[in-house]
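K.L.:
Have a look at the structure that comes next, please.
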Amino acid sequence: MKLSLPALREMKRDGRPIVMITAYDHPSGRIVDATGVDLVLVGDSAANVVLGHQSTVPATMDEMTMLTAAVNRGVENALVVGDLPFMSYQVSDAEAVANAGRLIKDGGADVVKLEGAGPSLERVRALVSAGIGVMGHVGLTPQTATALGGHKAQGRQADAARRLFLDAISLERAGCFALVLEAVPAPVATTISRRLTIPTIGIGSGPGTDGQVLVLHDMLGIPGDGPEPRFVKRYAEIGELMGAAVAAYATEVRNHVYPAEEHTYTIPPEELEAFQNAVDAGSIEENTLADW
Ligand code: KIV
């Protein structure tokens with residue numbers, strides 16, 4: 001059964017850690033859902049993780065809708081979070097509602113996520129008024145990383161931490177049902193998490209948040225082009241396994257080892273003989289090729 005937003009709040013109240021993970025395709029959606037994770041985020045990190053861009057900025061609504069739909073088709077129980085890409089919600093409330101509606105109606109997302117506070121607060125209110133659940137995201141917000149001075153921890157000075165604290169409270173008041181805290185010093189994230197009634201989901205923000213999220217490819221050990229953030233823990237080395245498997249396949253093909261008998265289809269001997277005779281006599285070409 002699908003996790004509900006009230007159930008998520010209950011998890012925070014009961015002190016049960018919330019597990020979120022990203023996914024970008026159908027088999028990954030199916031695999032992560034079968035493990036019983038609570039939320040599956042179809043993050044705009046797809047842009048750099050699976051589409052080969054240098055940042056999340058180029059992600060488009062068409063791409064996010066297609067990826068969200070693919071993941072959603074594999075997820076039965078977890079809540080699917082569709083990520084609103086850069087410039088899909090910044091222009092106006094109307095565009096934000098239309099684009100979030102697309103992720104939900106065409107992509108099958110249960111709820112959406114957007115980044116930032118300030119101007120995003122009005123968008124959160126508009127989306128919530130339209131009946132759309134919104135997850136906020138503050139701290140390091142990759143869509144505006146350039147303005148933040150790059151991909152680095154946020155809220156490391158008292159003033160910046162104070163602003164983060166206020167942003168988090170404002171997003172809760174605007175109607176967010178949960179909040180991602182990315183790359184925030186652990187004690188600051190803990191203080192914010194204790195103060196909010198909605199759950200916080202941390203990434204690089206220490207153990208004091210109400211839940212954690214990691215990018216699937218990071219934790220599986222399928223590295224991207226850029227440096228790996230210090231908060232990533234690799235639970236497997238799937239990238240190495242993939243490389244070794246493809247190399248083994250290539251070797252077997254080159255050495256005529258693959259495909260073996262068990263990988264091939266058979267034909268009854270009498271049918272094969274009839275076919276072979278026709279080929280040898282040249283009758284197939286003569287009789288049929290002209291009309292083919
Ligand atoms: O796009 C994404 O994957 C995210 C997570 C890192 C929280 O926003």
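The values are calculated or read from the model by the stated rules, or taken from the named source; none is laboratory data. Bear in mind that the values here come from a model prediction, so they are computed numbers and not experimental data. Every residue, glycine as well, gets a Cβ built from its backbone with ideal geometry; the counts of neighbours run over all protein chains shown. Note: areas computed on protein heavy atoms with side chains; ligands, DNA, RNA excluded. Shrake-Rupley method; radii C 1.70, N 1.55, O 1.52, S 1.80 Å.
K.L.:
So residue 87 passes all but one of these: (1) touching a residue at least 24 places away in the same chain (Cβ under 8 Å); (2) within 16 Å of the ligand (Cβ to nearest atom); (3) not polar (S, T, N, Q). Which condition number does it fail?
P.N.:
Only one criterion in (1) touching a residue at least 24 places away in the same chain (Cβ under 8 Å); (2) within 16 Å of the ligand (Cβ to nearest atom); (3) not polar (S, T, N, Q) is unmet by residue 87, namely (1).
K.L.:
Name the single residue, out of those in the range 141-162 being of a type in the set (Gly, Ala, Ser) and part of a loop (DSSP other than H, G, I, E, B), that is farthest from the ligand (Cβ to nearest atom).
P.N.:
149
K.L.:
Would you say residue 12 is farther than 20 Å from residue 106 by Cβ and among the basic types (Lys, Arg)?
P.N.:
On the way: farther than 20 Å from residue 106 by Cβ: yes; among the basic types (Lys, Arg): yes.
Judged against the criteria, residue 12 is a match.
K.L.:
Quick test of your reading of the structure: residue 236 fulfils all but one of (1) more than 14 Å from the ligand (Cβ to nearest atom); (2) open to solvent by less than 20 Å² (accessible area, probe 1.4 Å). Name the failing condition by number.
P.N.:
In the conditions (1) more than 14 Å from the ligand (Cβ to nearest atom); (2) open to solvent by less than 20 Å² (accessible area, probe 1.4 Å), residue 236 misses (2) alone.
K.L.:
Kindly indicate the residue of the range 125-140 that is farther than 20 Å from residue 2 by Cα and within 16 Å of the ligand (Cβ to nearest atom) and also surrounded by the fewest Cβ atoms within 10 Å (Cβ to Cβ) among those meeting that condition.
P.N.:
140
K.L.:
Based on this model, can you work out whether residue 224 counts as surrounded by 13 or more Cβ atoms within 10 Å (Cβ to Cβ), modelled with pLDDT under 95, within 16 Å of residue 48 (Cβ to Cβ) and not hydrophobic (A, V, I, L, M, F, W, C)?
P.N.:
In short, yes.
K.L.:
Given the conditions (1) within 16 Å of the ligand (Cβ to nearest atom); (2) surrounded by fewer than 20 Cβ atoms within 10 Å (Cβ to Cβ); (3) within 22 Å of residue 130 (Cα to Cα), report the number of the one that residue 93 does not fulfil.
P.N.:
Result: residue 93 fails condition (1) only.
K.L.:
Which helices (runs of 4 or more DSSP H) does the range 214-292 wholly contain that include 2 or more residues that are closer than 20 Å to residue 27 by Cβ? Full working, then the answer.
P.N.:
On the way: elements: 216-220, 238-254, 269-281, 283-288.
By residue number, 216-220, 238-254.
K.L.:
Specify which of the listed residues (211, 206) is assigned by TED's automatic domain parsing to the domain that holds residue 230 and buried (at least 19 other Cβ atoms within 10 Å of the Cβ).
P.N.:
After applying the criteria, what remains is 211.
K.L.:
Out of everything in the range 30-48 that is among the polar types (S, T, N, Q) and in contact with a helix residue (DSSP H, G or I) (Cβ under 9 Å, 6 or more places away or on another chain), what residue ends up being nearest to the ligand (Cβ to nearest atom)?
P.N.:
45
K.L.:
Tell me yes or no: at least one residue of the range 112-124 is of a type outside the set (Ser, Thr, Tyr), in contact with a helix residue (DSSP H, G or I) (Cβ under 7 Å, 6 or more places away or on another chain), surrounded by fewer than 19 Cβ atoms within 10 Å (Cβ to Cβ) and closer than 20 Å to residue 181 by Cα.
P.N.:
Yes, the conditions are met somewhere in the range 112-124.
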